[in-house]
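Asks: The structure that follows is given in the form of structure tokens.
The values are calculated or read from the model by the stated rules, or taken from the named source; none is laboratory data. Just so we're clear, the structure is a prediction, and the values are computed from it rather than from any experiment. Don't worry about glycine lacking a Cβ; one is built from the backbone with ideal geometry, like all the others, and counts go over all protein chains shown. Side chains included, ligands, DNA and RNA excluded: accessible areas come from the protein's heavy atoms. Shrake-Rupley method; radii C 1.70, N 1.55, O 1.52, S 1.80 Å.
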Amino acid sequence: VIDAAQIKQGVDFIAEVTVKRSTGFSFTFDELALTQIFPSGWEITNARMDGGVSNLTNSPLDYQDVRDDRVMTYFDLPPGKTQNKTDTRVYRIQLNAAYAGKYYLPAVACEAMYDNRIQATAPGKWVEVI
């Protein structure tokens, strides 16, 4: 575990997001979109671009869109522990603290694309690459 508020330049690290149900809804949360936007001082390490395969273990997903500054992950979240399915998903992204400076890490958002009752955010904060 590292403190994202200050990371030494050149350090590789992993951003981990855990999505867990916290409502009484008993239906599957279909077509969730998790949006992670990263500060411009951090670079996303995309193993697919290097011809390699990521060694990070992630929960099941339908699609993952990796861009220069963000990763959007699309998945479903079942209602509970039935038939080896869990009500929690964990997604990890490999990053590098590339450029020294002070940057803003935007909020992380997860929401159902077609049901506005299902949404969650984690606040953004200032981070520094030293």
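Asks: Among DSSP bridges having both ends in the chain, what percentage is antiparallel? Round to the nearest 5. Working shown, then result.
Replies: On the way: 37 of 39 bridges.
Counting only bridges with both partners in the chain, antiparallel ones make up about 95 percent.
Asks: In bins 10 Å wide, starting from 0, what share of all Cα pairs of the chain does each bin hold, as a percent?
Replies: Per 10 Å bin, starting at zero, the Cα-Cα P(r) for the chain comes out as 12, 41, 32, 14, 2 percent.
Asks: In whole Hz and in residue order, list the ³J(HN,Hα) couplings for region 67-77 that follow from phi through the Karplus curve 6.51 cos²θ - 1.76 cosθ + 1.60, θ = phi - 60°; x for Gly and Pro.
Replies: The phi angles translate into 10, 4, 10, 8, 10, 10, 10, 10, 6, 10, 10 Hz.
Asks: Size of the dipole of the chain about the Cα centre, Lys and Arg at +1 and Asp and Glu at -1 on the beta carbon, nothing else charged, in debye to 20?
Replies: Numbers: 13 positive and 16 negative charges, 69 e Å.
I would put it at about 340 debye.
Asks: Considering amide H positions built from the backbone, and no H for Pro or chain starts, which residues 5 or more places from GLN9, or on another chain, come under 5 Å of its amide H?
Replies: Amide H neighbours of GLN9: ILE130.
Asks: Sum up the lysine pairs in the chain that clear both bars: alpha-carbon distance under 23 Å and a spacing of 8 or more or different chains. Walk me through the intermediate numbers first.
Replies: Details: LYS8/LYS102; LYS8/LYS125; LYS20/LYS81; LYS20/LYS85; LYS20/LYS125; LYS102/LYS125.
Final tally of qualifying lysine pairs is 6.
Asks: Another question, if that's okay. LEU105's amide H: which non-local residues (gap 5+, or another chain) put their own amide H closer than 5 Å, with H modeled 1.01 Å from N in plane and none for Pro or chain starts?
Replies: LYS125, TRP126, VAL127
Asks: OK, next. Only Cα pairs under 8 Å and at least 6 apart count here; give the relative contact order of the chain as a rounded whole percent.
Replies: 39 percent
Asks: From the phi angles alone, apply the Karplus equation (6.51, -1.76, 1.60; θ = phi - 60°) to region 2-15 and give each ³J(HN,Hα) in whole Hz, x where the residue is Gly or Pro.
Replies: Whole-Hz 3J(HN,Hα) from phi for region 2-15: 10, 8, 5, 5, 9, 10, 6, 4, x, 6, 8, 8, 10, 8.
Asks: While we're looking at this one, here's another question. Considering the convex hull of the alpha carbon atoms of region 61-130, report its projected area averaged over all viewing directions, in nm², one decimal.
Replies: So the Cα hull casts an average projection of 6.3 nm².
Asks: Let me ask another. Under a Cβ-only charge scheme (Lys and Arg +1, Asp and Glu -1), can you give me the dipole magnitude of region 77-130 about the Cα centre, in debye to the nearest 20?
Replies: Dipole of region 77-130, to the nearest 20 debye: 140 debye.
Asks: With a Förster radius of 30 Å, plug the Cβ-Cβ distance of ASP12 and ALA112 into 1/(1 + (r/R0)^6) and report the FRET value to the nearest 0.05.
Replies: Efficiency at R0 = 30 Å is approximately 0.40.
Asks: What is the percent carbon and sulfur in the accessible area of the chain, measuring with a 1.4 Å probe over the protein chains and ignoring ligands?
Replies: 50 percent
Asks: Answer with one residue from VAL71, ALA5, ALA109: the one whose Cα lies farthest towards the positive end of the charge dipole of the chain, charges on Cβ with Lys, Arg +1 and Asp, Glu -1.
Replies: Farthest towards the positive pole: ALA5.
Asks: Which longest uninterrupted range of the chain lacks any chymotrypsin sites (Phe, Trp or Tyr not before Pro) assigned by DSSP to a loop state (not H, G, I, E or B) and surrounded by at most 12 other Cβ atoms within 10 Å?
Replies: Details: sites that count: PHE25, PHE27, TYR114.
No qualifying site falls inside 28-113, the longest such stretch.
Asks: Related question: In nm, to one decimal, how far is the ASP68 label point from the TYR104 one, both placed 7 Å along Cα→Cβ?
Replies: My value for the distance between the label points is 1.9 nm.
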